[in-house]
Amino acid sequence: MMLTVVAFIVALGLLIAVHEYGHYRVAVACGVKVLRFSVGFGKALFTWKARKPRPGQDTEFVIGAFPLGGFVKMLDEREGPVDPSERHRAFNTQPLRSRVAIVAAGPLANLLLAVLLYAIVNWTGVQEPQPVLGSPVAGSIAAEAGLRGGERVDGAALEGDEIEPVRSFEELRWLLTRAALDGRDLRMTLAREGSGGRREVLLPLSNLNTRDADAQLLRKVGIVAPWSPPVLGEVMAGGAAERAGLRKGDLVLRVAQQPVGDAQQLRDLIRTQVKAGRGLPSTWEVERQGQRLQLQVTPDVVTAEGVPAPFGRIAAYVGAPPAMVTVRLGPVDGLWKGVEKTWEVSALTLRMMGRMIVGQASVKNLSGPLTIADYAGKSASLGLTQYLLFLALISVSLGVLNLLPLPVLDGGHLMYYLWEAVTGRSISDAWMERLQRGGVAVLLVMMSIALFNDVARFFG
């Protein structure tokens with residue numbers, strides 16, 4: 001719990017500070033006087049000023065009690081009296097290009113941070129599963145395409161793009177998710193281990209009707225996990241596996257006379273050992289310390305959110321760790337891949353938002369602070385690399401969200417400036433007030449939906 005809280009606060013503090021620093025730094029560069037730089041709202045916990053401020057700058061830096069936002073307060077005639085001698089340093093008197101640069105700098109700072117974080121991960125290297133496919137889910141798109149499990153993915157691309165090398169299963173998972181959510185087919189070049197052969201397979205993901213970017217998405221595709229042997233790991237006390245006499249290290253050979261090829265196939269067999277809400281007993285053949293044993297196993301029946309029907313579970317870890325590969329890139333390639341990943345995540349985020357607006361995607365995809373905090377804790381528990389990837393993802397989301405043309409966000413102000421650039425005059429105060437009220441209403445609806453989704457996920 002403490003790790004989750006600390007990871008969440010560090011994430012919010014860093015991302016908000018970077019966002020506001022973007023506004024601050026460009027405002028100072030444009031000659032605007034910055035009165036206050038605040039990370040967080042509410043009561044000031046810490047306040048200080050620079051020992052040697054820039055000429056004409058005496059900015060007060062503040063850390064507030066509630067780290068759910070921040071602001072940069074600039075000298076502005078619309079917010080209070082301005083000394084005539086300093087009028088040229090007020091925000092509202094700046095040329096249009098300067099105001100656009102100052103407002104856009106916050107979201108762009110978040111996007112640049114994401115590029116840097118992705119690049120750091122690429123430079124330092126990350127251990128990821130090799131791109132060897134586990135057995136496809138029965139009846140899925142992958143199964144119907146002829147995949148059987150054990151194939152190594154050498155390259156892949158969305159239909160219409162050039163095939164590029166696939167270095168890890170996580171890269172393949174990202175491509176599958178993008179293709180499924182975009183409604184585009186995916187081409188893969190495969191090599192079966194030890195055979196030396198190679199073939200190309202087309203996954204018709206454009207036929208996949210999906211509204212949610214959830215755990216069931218990849219099950220519909222059929223490629224859920226990398227290949228790993230059907231070996232049992234930790235066996236939980238009191239579960240179906242312990243009651244049946246299964247032990248850690250058992251290699252499962254058959255379930256109900258059906259050969260088991262890998263851990264994913266075993267998981268699917270366990271899940272489907274259910275009928276009329278009850279677990280179905282079956283005979284398992286396992287190899288233990290060189291001896292073959294036959295055991296009667298009856299899975300427990302459980303339900304989960306987002307899963308339409310009850311499924312079986314044996315309360316044991318299924319599958320040995322998959323073969324891993326270190327993915328590491330050089331300085332230029334690592335930075336360029338960081339730019340590409342930031343662009344891809346930004347574009348996917350915008351497309352998902354657009355699909356939610358027109359009803360082609362579920363609003364269940366919106367997440368609030370509880371979900372973000374949960375993922376912050378989980379990623380931090382997995383190590384620095386996973387936490388950096390989490391920070392990069394949230395930084396992209398924050399940057400994209402703030403560029404939306406909602407009047408209360410940075411994108412809304414950019415929308416006003418676009419109007420000013422086209423018409424030659426600024427928007428009227430009356431229209432400004434109406435748009436601000438509308439923007440607040442839309443933002444409150446989005447926040448309410450996100451909080452409702454959080455409550456449903458954790459307490460539903």
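The values are calculated or read from the model by the stated rules, or taken from the named source; none is laboratory data. None of the values given here were measured: they were computed from a predicted structure. Counting neighbours? That spans all protein chains shown, and the Cβs are built from the backbone with ideal geometry, glycine included. These area figures cover heavy atoms from the full protein model, side chains too; ligands, DNA and RNA do not enter into them. Shrake-Rupley method; radii C 1.70, N 1.55, O 1.52, S 1.80 Å.
Taking the Cβ-Cβ separation of ARG247 and LEU350 as r and a Förster radius of 51 Å, what is the calculated FRET efficiency to the nearest 0.05? Computed FRET efficiency for ARG247 and LEU350 comes out at 0.55. With all protein chains kept in place, the per residue accessible area of the chain amounts to 53 square angstrom at a probe of 1.4 angstrom.
To the nearest 20 debye, what charge dipole does the stretch 268-417 have about its Cα centre, counting +1 at the Cβ of each Lys and Arg and -1 at the Cβ of each Asp and Glu? Computed charge dipole of the stretch 268-417: roughly 300 debye.
The length gained on full extension between ILE163 and LYS378, counted as 0.36 nm times the residue separation minus their Cα-Cα distance, comes to 74.1 nm. Remark: spin-label model distance ARG278-VAL339 equals 6.4 nm, labels positioned 7 Å along the Cα→Cβ axis. As an exercise, identify the trypsin sites (Lys or Arg not before Pro) in the stretch 1-71 lying in DSSP coil whose Cβ has no more than 16 other Cβ atoms within 10 Å. Here the sparse-neighbourhood loop sites are ARG51. In plain terms, the chain from TRP123 to ARG25 could stretch by 32.5 nm, reckoned as 0.36 nm per residue minus the Cα-Cα distance.
Between 0 and 90 degrees, the angle of helix 369-381 with respect to the longest Cα principal axis of the chain falls at about 60 degrees. Placing dummy labels 7 Å off each Cα toward the beta-carbon, the span from THR385 to LEU35 is 4.8 nm. Of the options (1) 22.3; (2) 25.5; (3) 23.1, only one is Kirkwood radius over Cα pairs in Å as computed from these coordinates, and that is (2). Rounded to the nearest 0.05, the FRET efficiency derived from the C-beta distance between ARG437 and LYS43 at R0 = 30 Å is 0.65. Which residue, VAL260, ALA109, PRO204, has the largest displacement toward the positive end of the dipole of the chain when charges sit on each Cβ (Lys, Arg +1; Asp, Glu -1)? Ranked along the dipole, the leading option is ALA109. At q = 0.12 Å⁻¹ the log10 of I(q)/I(0) for the stretch 325-460 amounts to -0.66, computed by Debye summation with a single uniform scatterer per C-alpha, solvent ignored.
Give me the extension gain from ASP58 to GLU86: residue separation times 0.36 nm, minus the current Cα-Cα distance, reported in nm with one decimal.
So the chain would gain 8.7 nm between ASP58 and GLU86.
In a reduced charge model with +1 at each Lys and Arg Cβ and -1 at each Asp and Glu Cβ, the chain shows a dipole moment near 460 debye about its Cα centre. The portion of the accessible surface of the chain made up by carbon and sulfur, rounded to a whole percent, is 60 (1.4 Å probe; DNA, RNA and ligands excluded). Considering only GluC sites (Glu not before Pro) in DSSP loops that have at most 13 other Cβ atoms within 10 Å, the longest stretch of the chain without any of them is 306-460. Think of the stretch 356-460 as having a plus end and a minus end, set by charges on the Cβ of Lys, Arg, Asp and Glu; of VAL440, LEU384, SER395, LEU384 sits farthest toward the positive end of this dipole. Computed from the C-beta positions of THR326 and THR371, the FRET efficiency with R₀ = 35 Å rounds to 0.70.
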